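Comments concern the structure below.
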Amino acid sequence: MDEEAEARVRDWLPRTAGLLLGTLALATAFIAAYVGALHQPTPRDVPVGVAVSDQRARAVLAGVRDRTDKIKAIEYDDPGAADDGLTSREVYAVLGSTPDGGLVLTTASASAPAASELVVQVLTPAAQQARLPLRVTDEVPVADTDPRGLVPFYLAIGYVLGGYLASTALGLSLGTTPRSLRRAGLRIGALAVYSVVLGIVGAVLVGPVLDVWNHDLPAIAATGMLGAFAAAMVAAAVQGWLGVLGTGLVILLLVVLGNPGSGGIYAPEFLPTWLRGMHRWNVPGLTTDLIKSAVYFDRRSIGWPLTGLALWAVLGLAALVGATLVRGHRANARAGR
């Protein structure tokens, strides 16, 4: 082997070994995160609303809490506030008293069917033990075309994956770090247009094509646009600062941790402690929550998911511009030597 060939081998081997080790680490993390989080979901502290003045309902919930930590009472000032907590997705159900001396359990299965089912399973025998008739009503049911309530999660994953892949494709073809603010602006514009198209495509697919939902399609499309753009900006920013190696970190954040931690397959209260609050700040979780709010719930439930995604998009955009000014400037300086 001549010296030139030996030099190529010496240069190729470390890079290849590093890439293989990186993919091995990501695959290991993927298995650990998915199997560890989802193999045996154990519900804890599933929130159920109750009015402070409702002594009968509070007594039943207190008795249940003495026996199990599966559900947790969230007290509200009055029944109206408890109902608002249900429709704003603060709780999965509300327990209240009826004028005839019984109880009524109002659920919102659209938040998470498994959580609603759990609450019914726990409170039905509790009411029987207290010799109180219990009537169950589903105030916000899932669509008949999505009985397990999984479409919002899978739609969100499609939006997030599309945004990440679009950013990665541009990075591989044009370079991970734009060389000038003009090029950064063009990349941001291209990703924005792509996100708009993907948002519309996703809404059309779940609407007239697959007939899952036939309402609120503009809101679904807008949610998809924001989710895809936020994912694209996060990916572009990380790759802009770290280069191709940043792709691994993006996969870790948006896929390995993002998907199981989104609360999409199971309600967050069913996940291990270290994943329970992740849906409130990661892009897949925020997108899933925003889609549920757009399809099933009122405007009060969109506040944080909308704000969180907007923050990710703005921070990603600012970080990409920063990478352009720092790393892009350095690359230009080296090229000019």
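Inter-part distance, region 147-214 to region 276-325, computed on C-alpha centroids, equals 14 Å. Taking a quarter of the surface of the Cα convex hull of region 46-138 gives a mean projected area of 5.1 nm². What label, among [x] 19.7, 64; [y] 22.2, 83; [z] 24.3, 94, belongs to Rg and Dmax of the Cα atoms in Å computed from the structure on display? Checking each listed value against the structure points to [z].
Largest first, the three principal axis extents of the alpha carbons in region 145-204 are 49, 18, 14 Å in whole numbers.
Values quoted throughout were computed directly from the atomic coordinates according to the rules given, and no laboratory measurement underlies them. In this text, all values refer to a predicted model and were calculated from it rather than measured experimentally.
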